[in-house]
Amino acid sequence: MTILGLESSCDETSVSIIRDGEILSNLISSQHFHLKYGGVVPELSSRAHLQMISPLFKKALEEANIEKEEIDLVSATAGPGLIGALLVGLNFGKALSYSLNKPFIAVNHIEGHIFSCFLMEEKPEYPILSLVVSGGHTLLLLVKDDLNIVKLGSTIDDAAGEAFDKVAKMIGLGYPGGPKVQEYSEKGNPKAIKFPVANLKGEYDFSFSGLKTSVLRYIQKEYPILEKITEDEKSNIAASFQDAVVKALSNNVKKAILNYEIKTLSVVGGVAANKAIRNKLIQLAKKFNKKIVIPDIEFCGDNAAMIAYRAGKLFENNIISDLNAVAFPALPKNAFIAN
Amino acid sequence: MEQFKPILSIETSDELCSAAIMLSEESFAEINFQKKFVHSEKLMPMISDLLKIANTKLEEVGVLAVSIGPGSFTGLRIGLTVAKGLAVGRNIQIIPVPTFDALAMQLSAVLPNNTNFIIANNANINEIYFAKYKSNNKKYELITETCLIDKSKYALLHQKDDLLFGNFTIEKNDFKTSSPNAISIAKWAYIFGKDFVNLDNDLLEPNYLKNFVVHKK
């Protein structure tokens, strides 16, 4: 079965073709022009998606070395994400599926990330404990099978990736913050400054807003003149902040491993590219004798291969979408709630 | 004589979501849905139903005519994205149709001869999309090309007998018709579209009329 995936939820336009689980092409066009604004500008993002989507589709066919008529299923991200951006991929996908006379599936972006671990050679086994960490989301989920996904906890304020971006900005490392904070952390001492790890009512919930504020207070107190922060001190702040994030994430993962019967541990999403987080989860898996499957870095960020893969799983379970499928900006309130 | 090939057309520049298929010079089918925020949900089902009703297959369609703006950025993108998706699957040419010209064509067919009329739609808090035309034997003549102007400048451009159309209304009895029906998009493409037949579909973008300016906080 040959599946086309389209992804346009934020600042990457991506088109992928997978056949029987094998990736034939996975093209990603990143919108670097947002850098100068310090964040993604939705209108500019939507405009760029519209420019890229059709050429990228043709390129993906070329790279996969197939004709468009060989596509059996068309899929696109429907949300969550920037609404104007989502509308491009979703509507292109609906129209293309109609035009090719093939079924269409609207895919939940978060489910795409969750199932991105299946793109690896080593296949996860259900039940999976899945930590989703990205610029917009922080969720801890119990994935029982293809269709049953239960939310154990989520962030009550900022997403983990958001905290990385904000802290990077505070110490002048620029946007996007994740890679920069990691780079500086490697040179710093994670024990240099003690930043707090939130203790919340919801057993598996996360909070990064307090941590962010505490980093800000520290900088304001120690460095009234921001320019005076040395590179070494930046590294120490980055390392100590990152350490607090890793602790916050791993504390809840550990609790869940102890309280639920799981076979596989997985961390997915843009922030799953962070080495310290990956290493910590690998450690935990070893300690508790669980299988660990983490997507390669190229599948942590937004990509269409994961959308196509997820669509394939839904299709196997007889789930397809209508031409009236709509885009949704936020995760629905009832998403991942056990019935 | 060359056989007429059906023209499928899309109009999503404003609150009216409209799709039509022109089957010959005398015959067409059209589906309209006048409601905010339904375009992304309804446009594809509308096109699917339309082709069913018209007993026409997408591969029989000669060209796809799309209202290109100015208008709602999101609305225009939905229309053009759907067109691109349909076009790439069946190698169909897309004809970008200037929205205000198509509306002027539609209005001129019913206005008395030699009527000057303005189309003005709200663009944002301060600006409007503006164009001026004259009806001439059921056809339209361009007086002022579609442009973006400050609302405060409007009074200077409005002559005494000009009729005003569009959602930038100043008097209660002005006509609020702010976008054409899809069949007018198809007819415009039929009459004027020949110049566009070699356009690269991939390069088409809505007529945003100006660059988007990012205001820094």
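The values are calculated or read from the model by the stated rules, or taken from the named source; none is laboratory data. Bear in mind the structure is a predicted one, so any value in this text is a computation, not a measurement. Note that we place each Cβ from the backbone using ideal geometry, even for glycine, and neighbour counts take in every protein chain shown.
Scan segment A:187-210 and tell me whether some residue there is part of a helix (DSSP H, G or I) and hydrophobic (A, V, I, L, M, F, W, C). No; the residues of segment A:187-210 include none that is part of a helix (DSSP H, G or I) and hydrophobic (A, V, I, L, M, F, W, C). All conditions but one from (1) under 14 Å from residue B:94 (Cβ atoms); (2) more than 14 Å from chain A (Cβ to nearest Cβ); (3) under 13 Å from the mean Cα position of the chain (by Cα) apply to residue B:181; the one that does not is (1). When you check residue A:76 against the structure, is it assigned by TED's automatic domain parsing to the domain that holds residue A:304, aliphatic (A, V, I, L, M) and farther than 23 Å from residue A:332 by Cα, yes or no? It is false that residue A:76 is assigned by TED's automatic domain parsing to the domain that holds residue A:304, aliphatic (A, V, I, L, M) and farther than 23 Å from residue A:332 by Cα. Among the numbered conditions (1) surrounded by fewer than 23 Cβ atoms within 10 Å (Cβ to Cβ); (2) of a type in the set (Val, Ile, Thr); (3) not assigned by TED's automatic domain parsing to the domain that holds residue A:247, the only one that residue A:282 does not meet is (3). When residue A:38 is tested against (1) at the interface with chain B (Cβ under 10 Å from one of its Cβ atoms); (2) surrounded by fewer than 19 Cβ atoms within 10 Å (Cβ to Cβ); (3) in contact with a Gly (Cβ under 7 Å, 6 or more places away or on another chain), exactly one condition is not met: (3). Counting the residues of segment B:24-44 that are touching a strand residue (DSSP E or B) at 6+ places or on another chain (Cβ under 7 Å) and within 14 Å of another protein chain (Cβ to nearest Cβ) gives 6. Being over 21 Å from residue A:88 (Cβ atoms) and either surrounded by fewer than 20 Cβ atoms within 10 Å (Cβ to Cβ) or β-branched (Val, Ile, Thr) (or both): is that true of residue B:109 here? Yes: the conditions hold for residue B:109.
With the condition kept exactly as written, say whether any residue in segment A:136-149 is under 28 Å from residue A:216 (Cα atoms), touching a Lys or Arg at 6+ places or on another chain (Cβ under 8 Å), away from every other protein chain (no Cβ under 14 Å) and crowded, with 23+ Cβ neighbours inside 10 Å. There is at least one residue in segment A:136-149 that is under 28 Å from residue A:216 (Cα atoms), touching a Lys or Arg at 6+ places or on another chain (Cβ under 8 Å), away from every other protein chain (no Cβ under 14 Å) and crowded, with 23+ Cβ neighbours inside 10 Å. Within the span defined as segment B:25-36, every residue fails to be crowded, with 21+ Cβ neighbours inside 10 Å and either more than 14 Å from the chain's Cα centre (by Cα) or within 28 Å of residue A:69 (Cβ to Cβ) (or both).
Identify all residues within segment A:16-35 that are farther than 19 Å from residue A:5 by Cβ and either surrounded by 15 or more Cβ atoms within 10 Å (Cβ to Cβ) or within 14 Å of another protein chain (Cβ to nearest Cβ) (or both); write none if there are none.
A:33, A:34, A:35
Return the residue satisfying two criteria in turn: it lies in segment B:70-122 and is within 14 Å of another protein chain (Cβ to nearest Cβ) and among the hydroxyl-bearing types (Ser, Thr, Tyr), and of such residues it is nearest to residue B:145 (Cα to Cα). This residue is B:72. Picking from residues in segment A:303-327 that are in contact (Cβ under 8 Å) with a residue 40 or more places away in the chain and touching an Asp or Glu at 6+ places or on another chain (Cβ under 6 Å), the one that is nearest to the other protein chains (Cβ to nearest Cβ) is A:326. When segment B:87-133 is filtered for residues that are farther than 20 Å from residue B:195 by Cβ, of a type in the set (A, V, I, L, M, F, W, C) and over 18 Å from the mean Cα position of the chain (by Cα), the ones remaining, listed by number, are B:88, B:111, B:125.
For segment A:18-73, the set of residues classified as over 30 Å from residue A:124 (Cβ atoms) and either in the same structural domain as residue A:178 (by TED's automatic domain parsing) or of a type in the set (D, E, K, R) (or both) consists of A:36, A:43, A:47, A:58, A:59, A:62, A:67, A:68, A:69, listed by residue number. Being within 24 Å of residue B:206 (Cβ to Cβ), assigned to a helix (DSSP H, G or I) and free of Cβ contacts under 8 Å to residues at least 40 places away in the same chain, is that true of even one residue in segment A:22-33? Taking every residue of segment A:22-33 in turn, at least one turns out to be within 24 Å of residue B:206 (Cβ to Cβ), assigned to a helix (DSSP H, G or I) and free of Cβ contacts under 8 Å to residues at least 40 places away in the same chain.
On the given criteria, is residue B:21 in contact with a helix residue (DSSP H, G or I) (Cβ under 6 Å, 6 or more places away or on another chain), more than 18 Å from residue A:88 (Cα to Cα) and surrounded by fewer than 21 Cβ atoms within 10 Å (Cβ to Cβ)? Judged against the criteria, residue B:21 is not a match.
Conditions tested, residue by residue: (1) modelled with pLDDT of 95 or more; (2) within 30 Å of residue A:87 (Cα to Cα).
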position: A:230; (1), (2): no, no
position: A:236; (1), (2): yes, no
position: A:263; (1), (2): yes, no
position: A:302; (1), (2): yes, yes
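Quick check, is residue B:56 surrounded by fewer than 21 Cβ atoms within 10 Å (Cβ to Cβ) and either within 14 Å of another protein chain (Cβ to nearest Cβ) or among the small types (Gly, Ala, Ser) (or both)? Yes: the conditions hold for residue B:56. Looking at the structure I just gave you, is residue B:184 assigned to a helix (DSSP H, G or I) and touching a Leu at 6+ places or on another chain (Cβ under 9 Å)? Here the answer is yes, as residue B:184 does meet what is asked. Select from segment B:113-152 the residues that are within 15 Å of residue B:169 (Cα to Cα), free of Cβ contacts under 8 Å to residues at least 60 places away in the same chain and of a type in the set (S, T, N, Q) and list them in ascending order. Listed by number, the residues that qualify are B:122, B:124, B:126, B:152. Of the candidates A:318, A:289, A:303, the single residue that is in the same structural domain as residue A:105 (by TED's automatic domain parsing) and at positive phi is A:318. Do we have residue A:59 as in contact (Cβ under 8 Å) with a residue 60 or more places away in the chain and among the basic types (Lys, Arg) here? No, not satisfied. Restricting attention to segment A:160-197, which residues are buried (at least 19 other Cβ atoms within 10 Å of the Cβ) and small (Gly, Ala, Ser)? A:160, A:161, A:163, A:168, A:177, A:178, A:185, A:188 - these are the residues of segment A:160-197 that are buried (at least 19 other Cβ atoms within 10 Å of the Cβ) and small (Gly, Ala, Ser).
Looking only at residues in segment A:69-105 that are in a helix (DSSP H, G or I) and acidic (Asp, Glu), which one is farthest from the other protein chains (Cβ to nearest Cβ)?
A:70
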